[in-house]
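Novice: Sharing a structure here in structure tokens format.
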Amino acid sequence: MNTDVLVIGAGPVGLHTAKCLAECGYEVRLLEKKPEAAKQVCCTGIISTECASKYGFDGKYIQNYFSEASVYSPGGQKLLLKRDTPQAIMLDRASFQAKLLQQSINCGVRTSFGFQANSIEYIENGLRITTKEGQSFTAKAVVLAAGYNTALSRATGLGEINNFAYGLQAEVDTSIPSNLSLFTGKAISQGYFGWLSPINDCTAKMGLLTHKNPFECWSALHNTLYKQGLITAKHINYVCRPVPIGNLSASFGDRVLAVGDFAGQLKPTTGGGIYFGLLCADLAVSCLDKNIKTNKLSKANLAEYEKNWKSLIGSELYIGRLLSRAYAGIDDRLLEQIFKKCATSGMIEKMAAKSHLGFDWHGKAFGHLLKNPFDLVRS
């Protein structure tokens, strides 16, 4: 074998997986289709302070802290979500990935940039991965962390995620300093929302997530922000990427594990995948560490990985999808009424006062509403 484990994909989840496996003493190779580490990434990089604390993200790679967010209805009503302490941070995603890459290399990970995995076949006691460029790699096990990739998931027999949303983002100049702002309405997003996330007083990340009509939605968001004087440019170039909706039929196979966006391990309500992906990567590393040592890498032996990650975040994904579908079915008129009721009922302030309702675990907030449905209508 060329290596013990081949990790395909050099995003945060793939880099973290490779680094942790190398720290366990395994020979690890990282395979990435891009010719170099990503410099322009379609990701706001907003993660919870819980995630930052758990994985030791330091201030050098933090662009901003957020303790509040303004949410706007289609007609311009504003709800302020606020707590006394920061609930989220914005990572400089490109610099953060460069840091993870260097850490991985320092741990002994070998890297191969500019090679796109094209096929995977089983050989005696391992796998052979052939790239589009004609290179061949062999490994005892493979970790798939290549983002949304239906061709590769089909090639490994893990099925495919058929549904996806469009994520669009650009870095823009801003003329008016503002806090984190979210924009709703069918014109701006089909099923999700748009955002303006300040990096500092003069630049921000402008973006949106939508089920369909990405270009029309981008134009509507741009027009909204431009008319409000929040951005100055009449034309903005953006990056667009697919965001998976749902999970693979299986995140494991013989000698294969799937993690992060590749497996659909991201928040259905926001499309955020860094924290859940890192948590699942830790479980993948633990599973492989246990089974490589005993050379028990069959599908049956690796099934515990999926059992463990579903135990950890499965209910959050299920509830998040219910919330996302329910929100997608609300028209703008009803959304205006909900905003008005939230503003007058005090529900937002009540939920903000409950410290156990965190930034990442939306199922807890939904569970609170199910137990206290009249919070929405009490004055």
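The values are calculated or read from the model by the stated rules, or taken from the named source; none is laboratory data. Worth saying up front: this structure is predicted, and the values here are computed from it rather than measured. Heads up, the Cβs are rebuilt from the backbone with ideal geometry, glycines too, and the neighbour counts pull from every protein chain shown. When the accessible area is computed, the model is the full protein with side chains, heavy atoms only, and any ligands, DNA or RNA have been set aside. Shrake-Rupley method; radii C 1.70, N 1.55, O 1.52, S 1.80 Å.
Novice: Show the residues, 5+ positions off or on another chain, whose built amide H is closer than 5 Å to the amide H of D254.
Specialist: For D254, the qualifying residues are K299.
Novice: Work out which helices of the chain, taken as complete DSSP H runs, extend at least 30 Å along their axis over the Cα atoms and score a mean Kyte-Doolittle of -1.0 or more, then list them. Working shown, then result.
Specialist: Details: long enough: 299-328 (39 Å, -0.37).
Flagged H segments are 299-328.
Novice: Here is a follow-up. For Cα pairs less than 8 Å apart in space and 6+ apart in sequence, what is the mean separation divided by the residue count of the chain, i.e. the relative contact order in percent?
Specialist: On the way: 777 pairs, mean separation 68.9, N = 379.
Relative contact order for the chain comes out at 18 percent.
Novice: Each label point is 7 Å from the Cα along the Cα-to-Cβ direction; what then is the distance between the points at T232 and I105, in nm?
Specialist: 3.7 nm
Novice: Still on this structure, please answer the following. Please state the relative contact order of region 133-208 as a whole percent: Cα pairs under 8 Å, 6+ residues apart?
Specialist: Details: 85 pairs, mean separation 19.7, N = 76.
For region 133-208, the relative contact order is 26 percent.
Novice: Can you grab the distance from the C-alpha centre of region 245-309 to the C-alpha centre of region 189-217, Å, no decimals?
Specialist: Here the answer is 29 Å between Cα centres.
Novice: Continuing with this model, one more query. Of the residues A263, A281, A22, which exhibits the maximal mean-square fluctuation in a Gaussian network model of the chain defined by a 10 Å Cα contact cut-off?
Specialist: The residue that fluctuates most here is A22.
Novice: Now for a different question. For the chain, with every protein chain kept in place, what is the accessible area per residue (1.4 Å probe, Å²)? Can you show the working numbers first?
Specialist: Values: 17220 Å² over 379 residues.
That works out to 45 Å² per residue.
Novice: Write down the percent of antiparallel bridges among all DSSP beta bridges whose residues are both part of the chain, to the nearest 5. Present the calculation step by step, with values, prior to reporting the outcome.
Specialist: On the way: 49 of 69 bridges.
Around 70 percent antiparallel, to the nearest 5.
Novice: Sticking with this one: Could you give the nm distance between label points at K82 and N118, where each point is 7 Å from its Cα heading toward the beta carbon?
Specialist: Distance between the two pseudo-spin positions: 5.8 nm.
Novice: May I ask for the net charge around S73, where only other residues with Cβ less than 9 Å from the Cβ of S73 are counted and Lys, Arg are +1 while Asp, Glu are -1?
Specialist: Values: positive: K78, K340; negative: D332, E336.
For residues surrounding S73, the net value is 0.
Novice: I would also like to ask the following. Taking amide hydrogens as modeled 1.01 Å from N in the peptide plane, which residues meet the under 5 Å criterion relative to G272, leaving out close sequence neighbours?
Specialist: The list, which skips near neighbours in sequence, is K267.
Novice: With θ set to phi - 60° and the Karplus curve 6.51 cos²θ - 1.76 cosθ + 1.60, what are the ³J(HN,Hα) couplings of region 156-164 in order, to the nearest whole Hz, using x for Gly and Pro?
Specialist: These are the phi-based 3J(HN,Hα) values: 8, x, 9, x, 7, 8, 7, 9, 8 Hz.
Novice: Using Cα pairs under 8 angstrom and six or more residues apart, how large is the relative contact order of region 194-256, in percent?
Specialist: Computed value for region 194-256: 16 percent relative contact order.
Novice: Now for a different question. Summing +1 for each Lys or Arg and -1 for each Asp or Glu, what net charge is found among the other residues whose Cβ lies under 10 Å from the Cβ of T269?
Specialist: Values: positive: K267, R321; negative: E316.
Here the charged neighbours net out to +1.
Novice: Can I ask one more? Choose one answer from N295, N64, N247: the residue with the largest mean-square fluctuation in a GNM of the chain with alpha-carbon springs under 10 Å.
Specialist: Fluctuation is largest for N295.
Novice: Something else about it: How far apart, in nm, are the 7 Å Cα→Cβ label points at S315 and R333?
Specialist: The answer from the label model is 3.8 nm.
Novice: Now, a different point. Give me the percent of the accessible area of the chain that comes from carbon and sulfur atoms, probe 1.4 Å, all protein chains in place. Intermediate results must be reported in sequence, preceding the final value.
Specialist: Working: 8770 of 17220 Å².
The C+S portion of the solvent-accessible surface of the chain is 51 percent.
Novice: From the square roots a ≥ b ≥ c of the eigenvalues of the alpha-carbon gyration tensor of region 30-105, which class results: rounded (a/c under 1.5), prolate (a/b over b/c), or oblate? The partial results should precede the final answer.
Specialist: On the way: a/c = 3.67, a/b = 1.79, b/c = 2.05.
Oblate is the answer for region 30-105, as a/c is 1.5 or above yet b/c matches or exceeds a/b.
Novice: Further question: Check each of the GluC sites (Glu not before Pro) in region 62-124 and keep only those in coil by DSSP with at most 13 other C-beta atoms within 10 angstrom; list them in order. All intermediate terms of the calculation are to be shown ahead of the outcome.
Specialist: Values: sites: E68, E121, E124; in loops: E124.
In loop regions of region 62-124 (DSSP not H, G, I, E or B), the sparsely surrounded GluC sites (Glu not before Pro) are E124.
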